[in-house]
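Heads up: the structure comes next, in structure tokens.
The values are calculated or read from the model by the stated rules, or taken from the named source; none is laboratory data. Not measured: the values here are computed from a predicted model. Every residue, glycine as well, gets a Cβ built from its backbone with ideal geometry; the counts of neighbours run over all protein chains shown.
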Amino acid sequence: MRKLTYYVACSIDGFIGDPKGDASSMYAYLDDEFLGWLTSAYPDTLPAQGREQLGVKDAANPNFDTVIQGRASYQLALDAGITSPYSHLREYVASRTLGASPDPNVTVIEGDLVARVRELKAEESDLGIWLCGGSRVAGELLDEIDELVIKTYPQVYGTGMPMFGTDFSVTDFTLEGVRTFANGVLVRTYARKR
């Protein structure tokens, strides 16, 4: 069974974006040390354009072969004129409003998201599935998430888009590792307690 990993950036107080979903203030922390780690440990999570700029365009995907994101996350790419932001992965967009996919590499999931993710997890592959966001999609898939990789930036938002847009539910995870960076960023990895 393949793992579903919610690999996400957030503020100290657990927000993945401001009330409109903008997280661009976190870009200020993309210094040489942190970018070096991102390009070596998680090159598969960099958008295709970023991979090219950072010299990892043809790097192998060490973690994931599939990405799932919500409509709001995907809309950021569409607004920039990009229909396949992660063209080096199989792309799925959870949306009841997008309609037909604007790109042959992107599959729109309009129906039962949990059932589709279970099908993807049951596939034969050595690589996992990356849950890219957003908040509501993560909330809907909380029971399916096997691993959390949380990049915590040293900022407090106060309000905004929470990591999980869901009703109150206690879900336990076990801390597997913490990586700290000189710029104040922490990357915590958790495994789902089952």
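Below, the figures for the structure above:
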read-out	value
Output for region 25-72, where each listed residue is of a type in the set (S, T, Y) and over 25 Å from G184 (Cα atoms)	T66
Residue match in region 76-86 (condition: in contact with an Asp or Glu (Cβ under 6 Å, 6 or more places away or on another chain) and either farther than 23 Å from R136 by Cβ or assigned to a strand (DSSP E or B) (or both))	no
Criterion: buried (at least 21 other Cβ atoms within 10 Å of the Cβ), more than 15 Å from L4 (Cα to Cα) and hydrophobic (A, V, I, L, M, F, W, C) - qualifying residue of V67, V117, V56, V106	V106
Members of region 125-143 found to be surrounded by fewer than 19 Cβ atoms within 10 Å (Cβ to Cβ), in contact with a helix residue (DSSP H, G or I) (Cβ under 9 Å, 6 or more places away or on another chain) and in contact (Cβ under 8 Å) with a residue 60 or more places away in the chain, listed by number	L127, R136
Residue match in region 33-43 (condition: within 15 Å of Y92 (Cβ to Cβ), of a type outside the set (K, R), modelled with pLDDT of 95 or more and buried (at least 17 other Cβ atoms within 10 Å of the Cβ))	no
Evaluation of V114 against (1) in a strand (DSSP E or B); (2) more than 20 Å from S25 (Cα to Cα); (3) of a type in the set (A, V, I, L, M, F, W, C) (one fails), failing number	(1)
Among residues of region 156-181, those that are out of contact with any helix residue (DSSP H, G or I) (no Cβ under 6 Å at 6 or more places or on another chain), within 24 Å of Y29 (Cα to Cα) and not in a strand (DSSP E or B), counted	6
Hits in region 1-28 (condition: within 23 Å of P62 (Cα to Cα) and in a loop (DSSP other than H, G, I, E, B))	M1, R2, K3
